[in-house]
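J.: Before I ask anything, here is the structure I am working with.
The values are calculated or read from the model by the stated rules, or taken from the named source; none is laboratory data. This is a predicted model, so every value here is computed, not measured. Cβ atoms come from the backbone with ideal geometry, glycine included; neighbour counts cover every protein chain shown. These accessible areas exclude ligands, DNA and RNA; they are computed on the full protein's heavy atoms, side chains included. Shrake-Rupley method; radii C 1.70, N 1.55, O 1.52, S 1.80 Å.
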Amino acid sequence: MTEDTLRSVTVERTATGHFTATNARGGTISFSTGSADGGENDFTPVELLLAALGGCSAVDVDVATARHSEPTEFTVTVTGNKIGDEHGNRLTDLAVTFSVAFPDDEAGARARSILPRAVKVSHDRLCTVSRTVETGTPVTVTVEDA
């Protein structure tokens, strides 16, 4: 991998069941098990995956449509069913639903007209997160000496 292609985050434990992920630029996001031990409002890792799926496509679609018109509403809802079976714990039936509205003017009409194609192109080609989930990729896990 080269510096141009490598992406990384570091996850550090901050307390029992609580973690902070830090990216290479210094941004952070905290998450936890989501249990009643003070983390019930935190995102869980599964919810972060859902957010990444929706966020990745949201960025693509926003770039494509907002150059024509600023949306009056832009919501992306991502759902999936968490199951455990012979393959282990995983999500099935992932669905990303866009609810986007634009002003009732010429620019808004142009943005509305390209919205379906922008969503399709994001899903089919641009969104690294959904492309990775759909095509699958091996995950290597190792343990280093501390």
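J.: Carbon and sulfur atoms: what percent of the 1.4 Å accessible area of region 81-146 do they account for? Write out the running numbers ahead of the final one.
T.: Values: 2620 of 5150 Å².
Heavy-atom surface of region 81-146 belonging to carbon and sulfur, 1.4 Å probe: 51 percent.
J.: Pulled fully out, how much extra length does the chain show between Arg67 and Arg117, if you take 0.36 nm times their separation in residues and subtract their Cα-Cα distance?
T.: 16.5 nm
J.: May I pose another question? Hey, got a sec? Which trypsin sites (Lys or Arg not before Pro) in region 1-65 land in a DSSP loop and have at most 10 other Cβ atoms within 10 Å?
T.: Passing sites in region 1-65 are Arg7, Arg25.
J.: Between Thr16 and Leu91, what length comes free when the chain is fully extended (0.36 nm per residue of separation minus the Cα-Cα distance, one decimal in nm)? List each step's numbers first, then the result.
T.: Numbers: separation 75, 0.36 × 75 = 27.00 nm, distance 2.47 nm.
The Thr16-Leu91 span can extend by a further 24.5 nm.
J.: Now a separate question. How large are Rg and Dmax for the chain when only the alpha carbon atoms are used, in Å?
T.: Looking at the chain, its Cα Rg and Dmax stand at 18.3, 61 Å.
J.: Let me have the 222 nm mean residue ellipticity of the chain computed from DSSP H runs of 4+ only, each contributing -39500 (n - 2.57), with the sum over all residues rounded to the nearest 500.
T.: The per-residue figure over the chain is -10500 deg cm²/dmol.
J.: What is region 1-145's relative contact order, in percent, from Cα pairs under 8 angstrom and six or more apart in sequence?
T.: About 17 percent, as a whole number.
J.: Report, in whole Å, the centroid distance computed from the Cα atoms of region 121-142 and region 56-114.
T.: Cα centroid of region 121-142 versus Cα centroid of region 56-114: 17 Å apart.
J.: OK, next. Using the heavy atoms of the protein chains and a 1.4 angstrom probe, tell me the accessible area per residue for the chain in square angstrom.
T.: 72
J.: Can you give the longest run of the chain that contains no GluC sites (Glu not before Pro) sitting in a DSSP loop with at most 10 other Cβ atoms inside 10 Å?
T.: The segment 87-143 is the longest one with no such site.
J.: Let me ask something else. List the equivalent ellipsoid semi-axes of region 1-84 in whole Å, largest first, each obtained as the square root of 5λ for an eigenvalue λ of the Cα gyration tensor.
T.: Working through the eigenvalues yields semi-axes of 27, 20, 13 Å.
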